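One structure is given below, encoded as structure tokens.
The values are calculated or read from the model by the stated rules, or taken from the named source; none is laboratory data. Just so we're clear, the structure is a prediction, and the values are computed from it rather than from any experiment. Virtual Cβ from ideal backbone geometry, glycine too; neighbours counted across all protein chains shown. The protein model used for the area step is the full one, side chains on, heavy atoms only, and it has no ligands, DNA or RNA in it. Shrake-Rupley method; radii C 1.70, N 1.55, O 1.52, S 1.80 Å.
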Amino acid sequence: MMRVNYPIFILLFLLLVSTGIQSQSVFVYDQQTGEPVSNVFIFNDDNTATGLTNESGYARIDKFKVTDGIHFQHPSYNDAVLDLLLIENMHYKVPLNQKLIHLEEVVVSANRWEMKTYEVPNSIDVIKSKNIIFENPATSADMLTSAGGVYIQKSQLGGGSPMIRGFAANQLLFMVDGIRMNNAIYRGGNLQNVLQADVNSVESAEIIYGPGTNVYGSDALGGVIDIHLLNPILTDSNKWEASGHAFARFSSAAVERTVHADVNVGNDKWGILTMFSYSAFDDLVMGTRFNDYNLREQYVKTTNGHDTIVQNNNSRTQRYSGYNQLSFTTKITNKINKNTQWTYGFYLTRTSDVPRYDRLLEYSGKLLKYAEWYYKPQQWMMHSLGFDFDRKTTMYDHMNIRIAYQDVKEGRNDRKYQDAWLRQRVERVQIASLNNDYDKSLNNQQFLYYGLEFNYNNVISTGEETNIHTGETNKVSTRYPDGSNLYITGGAYATYKKNFERLPLTFIGGARLSYTNLNSQIADTSYYNLPFTEIKFDHLATTGSMGLVYHPATWQLHLNLSSGFRSPNLDDAAKVFDSEPGNVVVPNQNLKPEYIYSLDAGIIKKFNGRARVELTGFYSYLDQAIVRRDFQLNGQDSIIYDGELSQVQAMVNTGYATVYGASLLFNIKLLRHFVFNTSLTYITGTDDEGYALRHAPPLFGRTSLSYENKKLKLQIYSSYNAEVDYENLASSERSKAYLYAKDEDGNPYSPAWWTLDFKGSYAFNEKLLLTFGVENILNYRYRPYSSGITAPGRNFIIAFRYTF
């Protein structure tokens, strides 16, 4: 009988297993989304073997032994401890669960370089891809509502204008992949350009509250929205590997159909990423309960060129509001060596006709005013080329250069009821930009950030009208001057950061010098008898900021003093358009910049990973505020515009305006798998005449209760919005009474509202994810403050996401 030497047998077995395992890499992923988790620190009990996951979530485990306890550690995830045999049984795929209370973030928007949030004196919200996947927003504007301090206004379904701290449109700075989107025709009303960023391709979004930092120049009065799209992923070997996602979503309120795919192909030197999204929306259906003033009782139907006003057979259906959008992005990156890498990006977003729904609700007497009002074309194209240098020199440790070219087309098309002439105004903006940023580590925890920025805008404005019966065309007045329109901005900044060694204290301060130039020529003066034929100005501005962050253990206190400015652009100084029924805005060649001075203070308290409380307050003083006021043209306060006698108005500099407010964020882990979250924001603002500021929204917030356990996440939440009574309604909003409810005295006001909502997700494995939800469960009918379209009624959402 053969005798088995068990110790030798076991030793040989372990050796074979160990040898097989050593040739493996481990894949670490988020258990609820299947997304790879990078920068996971892997180590054994005695720290003799370590590893770090790459951007693809992979790490080698060659140095680990079978007897090791292997730790997986990441600041945003719960720790995991496994052994090699268990990892082998899991097919070398390790799932991690995110912490219910997030204590630490890394942001890049503050100074264009990565910094810990506890080092930044500004209030910043970060929206990550995991949140976007779970929330299932239809557009990037909807995505921003998950940030506690952002309020979204919508004039139409194909829109979404963020309001931050009493400011909106061209008083906010919008960026995509570090490139400035604000251009010469960003208007001061409500702006829908945030939809240019494909929400299904977003990796993260950062919102800086307040005038921003020294990195940014004109426009960053209320805040900065910095959206980052997915980037190509490099591997650790020269072998080409492919990965990506396929995604499909359906929602019922607008019969939304969205498909998305992204494919990444790369090795250790090259990476190519292509992203495609297409969304189609039918007419949006509102809720059934309360607020009958929102109903769409009538609409204009055009048959063979003949307009008739018909009764809506379902007054909850908002005819015509549907549209579709296509987005395509591709990025190519090449790592030349360990210190140098370049990345090229091509971006394209295009929409179909986007009906301007609020204009379709206007009446002239007892008849609807417009038969048609829509945006077309709506197209954004961008080429960008960036170089990153990671090498310590006497001038810098890291340096990047970003060169970009954008081609933006915007068209406005309108035709009045039973009018044969369709007016078509098209703007084309060509933008070239350059950003050059540096950072340098000095002695004793001191850091220097500095850089340069240049932007060149060329605006071409055309106008014509077409007879829908005969096809005949005529020239009409353009929205902007029809001659040469050049708008140039530039600036240089420097920021200093000091982390004190003996105190948990960080100081950040710096300054920026900015320059703007506008040169606009009016070639044809036959439409309007203006007293000038050109608008020119040059403006220099110096702004700065200074802040302290005290961050001992579980506390964080910050104080920040900052200034900002906004130079008038072409839209402010040279536009002729109908701002609202009975008013027309004309050019003003005497506009000057507006300046803001802001104080921020905040406190954060953390309770051992179980709870977090954040309270922030701010006060802003806006000097020489650019606002719309009654004006005179050639000594007249009214002119004939578009066939109607209209009050003349212009953008002018007023004395001042003040804005102040506070926000509260509270998170607490109730039980092992339950977390309670709430956010509340209060903002108020008035100008020097005591009138409410248009973009100061009512009190708003969101409260949620979430359950998270391994592959499953469920959340029930409520969003809410306080009333804006007539006394606190901005004068520009009062003139749009047809969009508001009426109080007992017949005056317009915006009613309060709240919704009850439910979301959920289930990961079948690391490849297949199901997300689902019901928004506005109670089918409440409401229109958010300042919006032109009523919010969706009960909305069922389902989406499938496949990772390969």
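Picking from residues in the range 301-314 that are part of a strand (DSSP E or B), more than 22 Å from Ala253 (Cα to Cα) and not basic (Lys, Arg), the one that is least open to solvent (accessible area, probe 1.4 Å) is Asp307.
In this structure, Lys742 qualifies as basic (Lys, Arg) and more than 30 Å from Ile798 (Cα to Cα).
Quick one: is Thr684 within 23 Å of the chain's Cα centre (by Cα), part of a strand (DSSP E or B) and surrounded by fewer than 19 Cβ atoms within 10 Å (Cβ to Cβ)? Here the answer is yes, as Thr684 does meet what is asked.
Here Gly746 fulfils each of the conditions (1) closer than 21 Å to Ser161 by Cα; (2) among the small types (Gly, Ala, Ser); (3) at pLDDT 95 or above apart from (1). Ile431 passes every criterion in (1) more than 23 Å from Thr525 (Cβ to Cβ); (2) of a type in the set (A, V, I, L, M); (3) touching a Ser or Thr at 6+ places or on another chain (Cβ under 9 Å); (4) crowded, with 20+ Cβ neighbours inside 10 Å apart from (3). Regarding the range 736-749, can at least one residue be identified that is among the small types (Gly, Ala, Ser) and buried (at least 20 other Cβ atoms within 10 Å of the Cβ)? Within the range 736-749, none of the residues are among the small types (Gly, Ala, Ser) and buried (at least 20 other Cβ atoms within 10 Å of the Cβ). Scanning the range 194-241 for residues that are of a type in the set (Ser, Thr, Tyr) and under 24 Å from Ser327 (Cβ atoms) yields Ser201, Ser204. Taking the range 174-184 as the range and being part of a strand (DSSP E or B) and either open to solvent by 10 Å² or more (accessible area, probe 1.4 Å) or under 20 Å from Lys575 (Cα atoms) (or both) as the test, the residues that pass are Phe174, Arg180.
The strands (runs of 3 or more DSSP E) found wholly in the range 530-592 and carrying at least 3 residues that are open to solvent by 10 Å² or more (accessible area, probe 1.4 Å) and at pLDDT 90 or above occupy 534-550, 555-566. Considering (1) touching a Leu at 6+ places or on another chain (Cβ under 8 Å); (2) open to solvent by less than 30 Å² (accessible area, probe 1.4 Å), the lone condition that Tyr802 does not fulfil carries the number (2).
Only one entry in Arg356, Arg257 is open to solvent by less than 60 Å² (accessible area, probe 1.4 Å), among the basic types (Lys, Arg) and in contact with a strand residue (DSSP E or B) (Cβ under 6 Å, 6 or more places away or on another chain), namely Arg356.
Output the residue which, of all residues in the range 185-221 that are under 10 Å from the mean Cα position of the chain (by Cα) and within 28 Å of Gly617 (Cα to Cα), is surrounded by the most Cβ atoms within 10 Å (Cβ to Cβ). Filtering first and then ranking leaves Ala205. Under the condition of being among the charged types (D, E, K, R) and either surrounded by 17 or more Cβ atoms within 10 Å (Cβ to Cβ) or part of a strand (DSSP E or B) (or both), the residues counted in the range 649-679 number 1.
With respect to the conditions (1) open to solvent by 10 Å² or more (accessible area, probe 1.4 Å); (2) hydrophobic (A, V, I, L, M, F, W, C); (3) modelled with pLDDT of 95 or more, Leu229 falls short on a single one, namely (1). Scan the range 481-502 and tell me whether some residue there is without any contact (Cβ under 8 Å) to a residue 24 or more places away in the chain and closer than 30 Å to Phe447 by Cβ. Yes: one or more hits. Within the range 362-413, being buried (at least 21 other Cβ atoms within 10 Å of the Cβ) and in contact with a Phe, Trp or Tyr (Cβ under 6 Å, 6 or more places away or on another chain) holds for Ala371, Met382, Val408.
Among the residues of the range 315-353, those that are assigned to a strand (DSSP E or B), open to solvent by 60 Å² or more (accessible area, probe 1.4 Å) and charged (D, E, K, R) comprise Lys335, Arg350.
Scanning the range 511-526 for any residue that is within 36 Å of the chain's Cα centre (by Cα) and closer than 30 Å to Trp555 by Cβ turns up at least one such residue. Exactly one residue out of Ser706, Ser761, Ser718 is free of Cβ contacts under 8 Å to residues at least 40 places away in the same chain, of a type in the set (Ser, Thr, Tyr), within 19 Å of Ile132 (Cα to Cα) and surrounded by 15 or more Cβ atoms within 10 Å (Cβ to Cβ), and it is Ser718. Among residues of the range 101-127 being β-branched (Val, Ile, Thr) and open to solvent by 10 Å² or more (accessible area, probe 1.4 Å), the one that is modelled with the lowest pLDDT is Val108.
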